[in-house]
Structures are given as structure tokens and as C-alpha cells.
Amino acid sequence: MTTNNSEFNELQKSALEHLWVYGKQPSQMAEAGEPNIVTSGSGSTVTDIHGNTYIDAMSALWLKNVGYGRKEIADAAYEQMLEITYMPSGTTTKPTIQIAQKLSEITPGDLSRSFFTSGGSESNETAIKIIKAYFKRIGEPIRTKFISRIGSYHGATAGALALGSSPNFPKTDYEPLMPNTFHVPQPNPYRPIVQGLSDEAYAEFCITSTEELMKAQNPDTIAAVFAEPISSPMGAIVPPANYWPRLRELCDKYGCLLVADEVITGFGRTGKMFGVENWNVVPDIMTVAKGITSGYIPMGAAITRKHISDAFIGNDKATLQHIITFGGHPVATAASLKNIEIIERDNLVENSRIMGEYLREGLRGLQEKHKIIGDVRGLGLFCAIEIVKDPDTKEYFDESANLSKILTSQLSENGILLRAGNITNIAPPLCVTKDEINNIVESLNIALTAFEATI
Ligand SMILES: Cc1ncc(COP(=O)(O)O)c(C=O)c1O
């Protein structure tokens, strides 16, 4: 769909007046001619209201795993809408059962029972409540403390917000937060907080720090550790290979639960169906959202291992008292089933692995030319680069250098939608082609060259 400028101007004016655009100032958006309005998409690309087509190099927010414009998903949702669109209390629907079974089949180990939600924050909030109630059910009611990692993000709602600790999402406006949450270092090999260690030794240092916190707090009071297999806010932090197995061991040693927040990493993003499969670890609870429907419709889940869900089975008193109205909505679950079918049928997990390697190869080629690329990292199509003033000191450019503005606008002029900056996440849809990756890399080359000309 293309439109005339007056319609666009009216819509944009209305957006600036009536819409809360995440983290943006209306005045700055007005000055920059934002927000742009997208009207259609296909594969890795979106088309805006003016008819311009761009590659979405971030899969929106790491979620368009199967890409845009999959009519099959729209058809599955439509057909479900014609059949039944909600369920009277105490009943359920066919696709809701089928997706619960499917998740049990494709997740590792005995992760086998799903509580459905409308998104990632609710999935983590649900996990927090399941964990608190679980320890009450099994006679360990003093396990009420949660540990997560510095630099992580787990969502916007009260509990999930308290678990997060990312400088990109300051929490001071919302204090006081959920008590009994503690943050430990996570292994970021590019920016270790202790120098001179091998990557593995640094991961072990992070495990020891976590253990010390547990001991200081009394390990019998620790309920769970929440962690993303690969963490996004500081740019695709891939932990050394020993980290996740050691985290699993640590939780087992002290009897607390391990939650893998797979909201981004689930459904093929890292080159495996789930991120923890990169290290053969089975968490006690896995939280998912985003890629579960590739963003065609809101949905999430907290998936529990059998010993956890079994604690809620037996009598009325054991029941988990927790409801999310739209959790397990039949239209969402029908869309999710089709989405997962496409991921499997089109080998998108494998494509994520192969194209991810190809993308990083291209980015490392850029690093040769542009010394300001301090680091290239990632797994599958969950990638990031860090841009630094000096690769030795790893110091970032000051805001006055306008790095983000110059790179982002240059990329957009070259047909790539990507919010670039000191830390630039790059995560195109899992159906991305080699040509599209070449295009992303070449556009970054042009944008970096333009920025370098200003310094
Ligand atoms: C790792 C992680 N967990 C949880 C969330 C929250 O998900 P939502 O925004 O769907 O509530 C996000 C969102 O980006 C995320 O990246």
C-alpha cells in the first residue's frame, strides 16, 4: 500500500499526539520525521507507507523468526477464528492442547507442562509465582530469594523488572521494587570485570561470585537463578562453554531452581531450537515468547519440568492459583503451531546457524577495515558488534560524536532498518538469505565509513 503525503502527515501527527512510542520523545521524533509507518512485509523485508522497502536487520525485536508475510499463519489464525475464539471457564481448545504437547516434545529433558501467557514479561512473572508456590508446596517456604545477572533484561512488569539489571532500562522511577532480588556478574568475555583470566576461568569467577552470594544469603533461602542463555542488552553476550553447565551444577548443589529466559533465544534464534541446547543444559523452567509465534500474535509460556508441575497436582489445595485471561488463546496457539511447523519444515534453525556464521564472517571482514569495531560476537542469528573509540581501551564514543544517529540514518538510507550505536545488535529473521546478509554488511560498511569521515 502506498499513500499520499497528506495521509502520512495526518497519521504521523496523530501518532505524536496519541501514541506512547517506546522510549522516544515526541519532539525528537517530529524533528527526525518519525515515526515511520510500515504497512506490509515479506520474508526479511518491510515496506513503509511511502512504498520504500527495507531489510529488517533486527527481526523487529528479535521476534520475526519465520519472517514477515507468512499467509499460512494468517490462514491458521483465521480458520481458528471461524471455529472457536475463546473457552468457557474450565474448558480448553484443540490448538491449546496441541501446542502444549508440541512444546513438551521440542524442549529438552522433561520440560513438559506449559502455562500460557501473552508475552515475555508475563512468562517470567508466572515463573516467579510458580517457583514461590512450588517451594511452599514442597515444605521449603523460606526459599523466596531470586538471583539474576547484571546487564540482563527479563521484562517490564514488577517482578520481571526487578530481576533485570540493564543500564538501558533504569529502574529508579519504579522503586521500591520486588524485594529479595540479587544481581551477580555474568561472563562477558569482551568486558570482564577482572582482567587476565581465560574466558573459562572468567566464567568460573562468575559462578564463584554467584555461589558466594548464595552462601552469604543462606543457600536455603535461594529460590531460583534467572538467566538468558545469551543476553541481549549488552549485545549478544555469549557465555563461555563451561558457564551454563556450571550454573546448572551450582543450582543443583544448593537445591534452587534454574530458569532459562528463552524469550529471545527460543525457536531457533541461536542456531539450536532453544539456547540452552548449545550447552546440553535442562533448566527447571523455560520462559518463552516472541519467536513462539514470530510476533504474528501475542503469546508466551512458562514451561516447567515434571517434578515442578507435579507439586501442584493432588488436591484442591495444591492447585496453582494464577490466571492470565489471554493465556492459551486458541487463535494464538493455532498461529504458534503453524509458526513452529514452518520453522521445522523450512529448516530455519539450521539456516540460523549457517547464516549466523556467514554474517559474523562478514562482520569480521568489516572489523579488518574499520578499527572502531572492537568486537564481533554471537551465536546463530543473534549477533552484535561493539563500536569503540579505541580498540585497546574499549572506550565508547561520547554522545557528541552522534554515532547512533549517523549510523542509523545511513543504514536506513541504504535500505536497512537497524538501531545502531555503541552496541549494535544484529538479528535478522531466520529465513534471511545470503544476498540480504551481504546487503546488511555492505550497508554497515558504508555507514561506518560515513561516520569515520566525521571524526
Ligand atoms: C530476555 C527477555 N525476557 C523477557 C522479555 C520481556 O518480554 P515482553 O516484552 O514480551 O514482555 C524480553 C523482551 O525483550 C526479553 O528480551
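Taken together, the values in this text are just the output of simple stated rules run on the coordinates, not laboratory data. Small disclaimer: the values here were computed from a predicted structure and weren't measured. Because the Cβ atoms are built from the backbone with ideal geometry, glycine has one as well, and the counts that use them run over all protein chains shown.
Numbers at a glance
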quantity	calculated
In the stretch 236-272, the chymotrypsin sites (Phe, Trp or Tyr not before Pro) that fall in loop regions by DSSP, at most 13 other Cβ within 10 Å	none
Packing-based order for 155-163, 35-43, 316-324, 183-191, using average beta carbon neighbours within 10 Å, highest first	155-163, 183-191, 35-43, 316-324
Label-point separation in nm, A201 to I323, each point 7 Å along Cα→Cβ	5.7
Taking M214, M286, M299 and counting other C-beta atoms within 10 Å, the order from fewest to most	M214, M299, M286
The stretch 387-455-the stretch 230-307 distance, computed between alpha-carbon centres (Å)	28
Among beta bridges that DSSP assigns inside the chain, antiparallel share in %, nearest 5	65
Per-pair calculated FRET efficiency, R0 = 41 Å: A158 and T454 via Cβ, rounded to 0.05	0.45
Full-extension gain in nm, R345 to Y86, via 0.36 nm per residue minus C-alpha separation	90.4 nm
Per-residue Cβ neighbour rank within 10 angstrom, fewest leading, L359, L407, L430	L407, L359, L430
Placed amide H near S231: partners under 5 Å, 5+ positions off or other chain	I237
Rel. contact order, % - alpha carbon contacts under 8 angstrom, at least six apart, the chain	20
Fully extended contour minus Cα-Cα distance, from A216 to E79, at 0.36 nm per residue	43.8 nm
Shape category assigned to the chain from the gyration tensor of Cα positions, a/c cut at 1.5	oblate
Highest to lowest packing among 56-63, 441-448, 45-52, scored as the average C-beta count within 10 Å	56-63, 441-448, 45-52
Above-threshold pairs, the threshold being 26 Å between Cα atoms, out of K71/K434; K136/K171; K24/K434; K64/K394; K389/K434	K136/K171; K24/K434; K64/K394; K389/K434
Contour excess over end-to-end distance, with Cα ends at Q98 and T393 and 0.36 nm allotted per residue	100.9 nm
Neighbour-count order for V194, V376, V225, fewest beta carbons within 10 angstrom listed first	V194, V376, V225
Residues K253 and T433, FRET efficiency given R0 of 35 Å [Cβ-Cβ distance, rounded to 0.05]	0.15
